[in-house]
Amino acid sequence: VPRFYASTSFGLSAPLADEIRDLGIKVHELDTLGCSFSGSWKDAFKVNLYSRLATRVSLTVLEFPAYTTDDIYNNLKKHDFTRYSTVDQTFMVSGSIRDCAIRDQRAVTLKFKDLIADQFRDKFDRRPDVEKMTPDIRFSIHGYKNQYHASVDTSGVPLTRRGYRRDAGEAPLKEHLAAGILALSGWDGQTPIIDPACGSGTLLIEAALKASKVQPGTFRKSFSFQNFTHLNDEGWSDIVNEAIEGEELEPKKMFFGFDKDKKVLFSAMENAKRAGVEDWIEFSRDRMENFAMPEELESPGWIITNPPYGIRMGDEFFLEELYKNFGFHLKQNFKGWHLWLLSGKPEITRHLGMKSDRRYPVKNGPIECRL
Ligand SMILES: C[S@@+](CC[C@H](N)C(=O)[O-])C[C@H]1O[C@@H](n2cnc3c(N)ncnc32)[C@H](O)[C@@H]1O
């Protein structure tokens with residue numbers, strides 16, 4: 001049974017594992033950046049198509065101990081790496097090492113690259129080109145305490161880039177992180193959500209996609225596994241058709257976004273249109289300190305938001321005021337609502353004047369945040 005690894009951002013491994021289990025797939029181990037699972041190729045296709053939280057799915061092909069770069073080469077030799085692509089397609093190798101006898105990471109990836117080139121040359125008298133930015137296929141090797149594992153990426157362009165977002169405001173959330181916030185919050189997929197600092201709208205668009213059961217992979221034109229020369233269709237078209245049949249496209253106006261910036265709201269609307277969920281979301285210009293309760297709403301819903309937290313210096317005083325007024329507004333006018341807030345700065349969140357019942361650490365790119 002093939003063994004795969006789904007990657008995500010720090011803080012999202014547990015909800016990612018839940019997502020994979022919900023697809024009926026057996027999850028093995030979780031670590032800080034993802035989880036391994038085993039299943040058929042069909043299962044790996046499904047994770048690529050359905051997962052909202054994964055950034056990539058790779059196939060683990062070899063695991064071995066190594067102390068020298070020759071060990072690396074000789075162990076990699078045991079697998080035929082020519083089966084994933086043709087000699088006319090490009091590839092790249094990435095890698096990382098931690099606490100290993102081999103100190104030079106580049107020497108490790110170089111050996112891997114040489115081995116792939118040698119295998120192709122032996123078979124075809126020619127080798128494929130290396131392409132660092134947009135390779136057709138990506139291989140990777142990771143070493144920890146002299147234990148290495150080599151893998152082949154099945155996804156291609158990271159899964160987080162759904163394709164509906166072209167215009168992003170300042171500091172947009174990546175799509176998989178927005179979906180991860182929704183998953184961690186425990187939102188039921190049916191209750192209305194307001195994002196009062198919605199920026200380019202990622203949180204609300206991801207929420208609308210989830211509510212309408214549109215699977216994130218259906219936006220993509222291609223996945224790396226479609227290049228794999230040793231695979232046939234393996235049921236891929238059935239999986240896609242089934243996903244599309246499951247969509248519930250009848251719109252319900254249940255997502256409301258506010259931002260003070262007119263330009264960014266325009267991008268949000270364009271993004272929502274490209275995602276096909278513009279009828280689910282209402283975007284209006286307003287401020288998070290005094291936005292009006294949408295008239296459509298009869299009972300309390302959820303506020304899920306990623307307000308500015310000023311990584312630049314000098315904003316502090318302004319932010320303290322903003323959070324204080326936001327907290328005041330919510331306490332006055334949004335009794336009974338749930339609030340989930342992603343913050344990169346606990347000393348600012350304090351000014352909301354509210355106590356949290358739950359916190360989750362998550363990383364937004366390089367920034368350590370708390371939800
Ligand atoms: C960190 S960004 C949100 C990014 C968003 N999650 C996305 O994916 O694009 C913060 C947003 O808050 C908006 N903002 C700043 N001050 C505001 C205020 N007082 N009221 C409403 N929005 C505000 C900014 O214009 C910006 O778009």
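The values are calculated or read from the model by the stated rules, or taken from the named source; none is laboratory data. Nothing here was measured: the structure is a model prediction, and the numbers come from that model. Neighbour counts are summed over all protein chains in view; Cβ atoms, including those assigned to glycine, are modelled from backbone coordinates with ideal geometry.
Going through Val277, Val240, Val264 one at a time, which residue ends up being assigned to a helix (DSSP H, G or I) and within 15 Å of the ligand (Cβ to nearest atom)?
Just one listed residue meets the conditions, Val264.
When residues of the stretch 277-306 are filtered for being surrounded by fewer than 20 Cβ atoms within 10 Å (Cβ to Cβ) and of a type in the set (Phe, Trp, Tyr), how many remain?
Start the filter on the stretch 277-306 by keeping residues that are surrounded by fewer than 20 Cβ atoms within 10 Å (Cβ to Cβ), which leaves 278-279, 282, 284-287, 289-290, 292-300.
With the extra rule that they be of a type in the set (Phe, Trp, Tyr), the set shrinks to none.
Of the residues in the stretch 277-306, 0 are surrounded by fewer than 20 Cβ atoms within 10 Å (Cβ to Cβ) and of a type in the set (Phe, Trp, Tyr).
Please state which of the following conditions Tyr309 fails to meet, knowing it meets all the rest: (1) surrounded by fewer than 20 Cβ atoms within 10 Å (Cβ to Cβ); (2) on the phi < 0 side of the Ramachandran plot; (3) within 16 Å of the ligand (Cβ to nearest atom); (4) at pLDDT below 95.
For Tyr309, the failing item is (1).
Residues of the stretch 280-289 being more than 9 Å from the ligand (Cβ to nearest atom) and either of a type in the set (A, V, I, L, M, F, W, C) or assigned to a loop (DSSP other than H, G, I, E, B) (or both), which ones?
At the first step, the residues of the stretch 280-289 found to be more than 9 Å from the ligand (Cβ to nearest atom) are 280-284.
Passing the criteria: Trp280, Ile281, Phe283.
Does Asp195 fit the bill of being under 21 Å from Asp357 (Cα atoms) and surrounded by 24 or more Cβ atoms within 10 Å (Cβ to Cβ)?
When the stated conditions are applied, Asp195 passes them.
Scan the stretch 323-346 and give yes if some residue there is modelled with pLDDT under 95, assigned to a loop (DSSP other than H, G, I, E, B) and in contact with a Leu (Cβ under 9 Å, 6 or more places away or on another chain), otherwise no.
yes
From the list Asp279, Asp315, Asp286, which residue is at pLDDT below 95 and charged (D, E, K, R)?
So the residue among Asp279, Asp315, Asp286 that is at pLDDT below 95 and charged (D, E, K, R) is Asp315.
So the check is Cβ under 8 Å with 6+ separation or different chains; which pairs have a first residue in the stretch 104-120 that's over 15 Å from Arg138 (Cβ atoms) and a second one that's small (Gly, Ala, Ser)?
Gln105/Gly95; Gln105/Ser96; Val108/Gly95; Val108/Gly143
Would you point out the residue of the stretch 217-228, among those that are surrounded by fewer than 21 Cβ atoms within 10 Å (Cβ to Cβ) and part of a loop (DSSP other than H, G, I, E, B), that is nearest to the ligand (Cβ to nearest atom)?
Looking at residues that are surrounded by fewer than 21 Cβ atoms within 10 Å (Cβ to Cβ) and part of a loop (DSSP other than H, G, I, E, B), I get Arg220.
Would you check which residues across the stretch 163-216 are more than 6 Å from the ligand (Cβ to nearest atom), within 18 Å of the chain's Cα centre (by Cα) and on the phi > 0 side of the Ramachandran plot and list them?
Those that are more than 6 Å from the ligand (Cβ to nearest atom), within 18 Å of the chain's Cα centre (by Cα) and on the phi > 0 side of the Ramachandran plot: Gly163, Gly186, Gly201, Lys213.
Pro294 passes all but one of (1) part of a loop (DSSP other than H, G, I, E, B); (2) without any contact (Cβ under 8 Å) to a residue 60 or more places away in the chain; which number fails?
Evaluating Pro294 over (1) part of a loop (DSSP other than H, G, I, E, B); (2) without any contact (Cβ under 8 Å) to a residue 60 or more places away in the chain leaves (2) as the failure.
Anything in the stretch 121-141 that is free of Cβ contacts under 8 Å to residues at least 24 places away in the same chain and either under 17 Å from His79 (Cα atoms) or basic (Lys, Arg) (or both)? List them, or say none.
Arg121, Asp122, listed by residue number.
List pairs: first in the stretch 69-83 and within 12 Å of Ala117 (Cα to Cα), second exposed (fewer than 13 other Cβ atoms within 10 Å of the Cβ), Cβ under 8 Å, 6+ apart or cross-chain?
Thr82/Lys123
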